[in-house]
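A quick write-up on the structure given underneath.
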Amino acid sequence: MMIVIFMFSEQDRTNSTKTSDKVTEVITNIVIKEKVNEEEQENINKNMRLVIRKTAHFTAYLILGSLAYIVFYQLNLNNKERLILITLMFTITYSISDEVHQLFINGRSASILDILIDNIGSLVGIFIVRQTDKKLDFLSKI
């Protein structure tokens with residue numbers, strides 16, 4: 001998941017926008033059943049673009065937080081609060097490094113809002129997996 005996040009962050013502004021626009025277009029075409037003219041379609045896409053980009057941040061880090069929690073769980077960090085803290089520190093560190101990385105990419109910038117969204121996603125992922133961590137015991141037998 002970290003490689004996927006890195007690859008998306010590696011895209012320059014033009015390619016990142018193209019990727020977002022493709023996803024936005026697919027989603028709006030599914031959601032909006034009636035035909036709209038080009039101007040209305042562009043307004044809809046423009047409004048949806050931000051939501052989709054931030055949802056992508058949330059989702060990517062939800063997955064990363066979930067996977068990191070499982071990895072740290074497998075390292076037998078039995079103290080639940082410590083396990084959550086270590087996982088969250090890991091994802092916070094990665095999200096900050098990801099935003100710093102974007103400072104070196106043409107047309108990209110760092111965003112504290114993205115770091116916040118990333119780690120809310122991570123926290124949600126951690127708590128989803130935490131609700132099932134009795135089921136994670138089977139992983140330690142593999």
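The values are calculated or read from the model by the stated rules, or taken from the named source; none is laboratory data. Since the model is a prediction, treat every value here as computed from it, not as a measurement. Cβ atoms come from the backbone with ideal geometry, glycine included; neighbour counts cover every protein chain shown.
Based on what the data block shows, is ILE70 under 30 Å from GLY107 (Cα atoms) and among the hydrophobic types (A, V, I, L, M, F, W, C)?
no
A count restricted to region 100-119 and to residues that are within 18 Å of MET2 (Cβ to Cβ) and not in a loop (DSSP other than H, G, I, E, B) stands at 8.
Condition check: under 27 Å from GLU10 (Cβ atoms), at pLDDT below 95 and of a type in the set (Lys, Arg). Does ARG108 satisfy that? I'd like the intermediate steps shown before the answer.
On the way: under 27 Å from GLU10 (Cβ atoms): yes; at pLDDT below 95: yes; of a type in the set (Lys, Arg): yes.
The answer is yes for ARG108.
Here's the yes/no breakdown for (1) in contact (Cβ under 8 Å) with a residue 24 or more places away in the chain; (2) in contact with a Phe, Trp or Tyr (Cβ under 9 Å, 6 or more places away or on another chain); (3) under 30 Å from GLU25 (Cα atoms):
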position: ARG49; (1), (2), (3): yes, no, yes
position: ILE52; (1), (2), (3): yes, no, yes
position: PHE58; (1), (2), (3): yes, no, yes
position: PHE72; (1), (2), (3): no, yes, no
position: MET89; (1), (2), (3): no, no, no
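Could you give me the residue pairs with C-beta distances under 6 Å whose first residue belongs to region 91-107 and is on the phi > 0 side of the Ramachandran plot, whose second residue is of a type in the set (Val, Ile, Thr) wherever it lies, and which are 6+ apart or on separate chains? Listed by first residue and then by second, the contacts come to nothing, as the list is empty.
Taking the numbered list (1) in a helix (DSSP H, G or I); (2) over 23 Å from VAL129 (Cβ atoms); (3) touching a helix residue (DSSP H, G or I) at 6+ places or on another chain (Cβ under 6 Å); (4) not small (Gly, Ala, Ser) in turn, ASN15 passes all entries but (3). Exactly one residue among ILE27, ILE5 is surrounded by 15 or more Cβ atoms within 10 Å (Cβ to Cβ) and more than 22 Å from LEU116 (Cα to Cα), and that residue is ILE27.
Annotation: of all residues in region 27-82 being of a type in the set (S, T, N, Q) and closer than 17 Å to VAL4 by Cβ, the one that is nearest to the chain's Cα centre (by Cα) is THR59.
Residue-by-condition table, conditions (1) part of a helix (DSSP H, G or I); (2) at pLDDT 90 or above; (3) over 25 Å from PHE8 (Cα atoms):
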residue	(1), (2), (3)
VAL36	no, no, yes
GLU39	yes, no, yes
GLU42	yes, no, no
LYS46	yes, no, no
SER66	yes, yes, no
LEU77	no, no, yes
THR87	yes, yes, no
TYR94	yes, yes, no
SER97	yes, yes, no
